[in-house]
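One structure below.
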Amino acid sequence: MDCIFCRIVDGDLPSRRVYEDEDFLAFHDIRPIAPVHVLIIPKRHVESLLDISATDELMLGKLLVLAPKIAVSVGLDTGFRSLINTGHGGGQEVFHLHLHVFGGDGSYRTPI
Ligand code: AMP
Ligand code: ZN
């Protein structure tokens, strides 16, 4: 399996890390769509929301609880937008589950 986010977790590919714990990693998106744009990923390889089950409830809950903490830590203290693309039909490009957290100029009016 050749997953770029697993390679980032393993340290085989560089990333600008902003958070790490036993189960999660967050790093700056390489092609930001906002002044601040980070991705939060579980370290365990999970392809997408199409691949999760009830055993992932705790992981998914932790992911959402982490999001505002990480957002504030990168300067998005007045709020942020979050997004999960799921599957080819959802525009997903990297098939390792990730939560986009972005913001920074307050000018977002329409969903992406
Ligand atoms: P998605 O369409 O939700 O799968 O988005 C994948 C995101 O990963 C895009 O915003 C890319 O810019 C980002 N991305 C791809 N490769 C890297 C990388 N090596 N480091 C950081 N972000 C990346
Ligand atoms: Zn992976």
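The values are calculated or read from the model by the stated rules, or taken from the named source; none is laboratory data. Everything numeric in this text was worked out from a predicted model, so none of it was measured. All Cβ positions, glycine included, derive from the backbone under ideal geometry; neighbour counts span all protein chains shown. Ligands, DNA and RNA are stripped out before the accessible areas are found, and what is left, the full protein with its side chains, is counted by its heavy atoms. Shrake-Rupley method; radii C 1.70, N 1.55, O 1.52, S 1.80 Å.
Tabulated results
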{"read-out": "Proximal charge balance of residue 68 [Cβ under 14 Å; K/R count +1, D/E count -1]", "value": "+2"}
{"read-out": "Cut-off under 5 Å, modelled amide H: who pairs with residue 43 long-range", "value": "24, 25"}
{"read-out": "Antiparallel bridge percentage (DSSP; both residues within region 4-103; nearest 5)", "value": "100 percent"}
{"read-out": "Net charge dipole size for the chain [Lys, Arg +1 and Asp, Glu -1 on Cβ; Debye, nearest 20]", "value": "380 debye"}
{"read-out": "For residue 100, solvent-accessible area (1.4 Å; no DNA, RNA or ligand), Å²", "value": "20 Å²"}
{"read-out": "Estimated [θ] at 222 nm from DSSP helical runs (n ≥ 4, -39500 (n - 2.57)) normalised by residues in the chain, nearest 500", "value": "-6500 deg cm²/dmol"}
{"read-out": "GNM flexibility winner over the chain from 70, 84, 33 (Cα, springs under 10 Å)", "value": "33"}
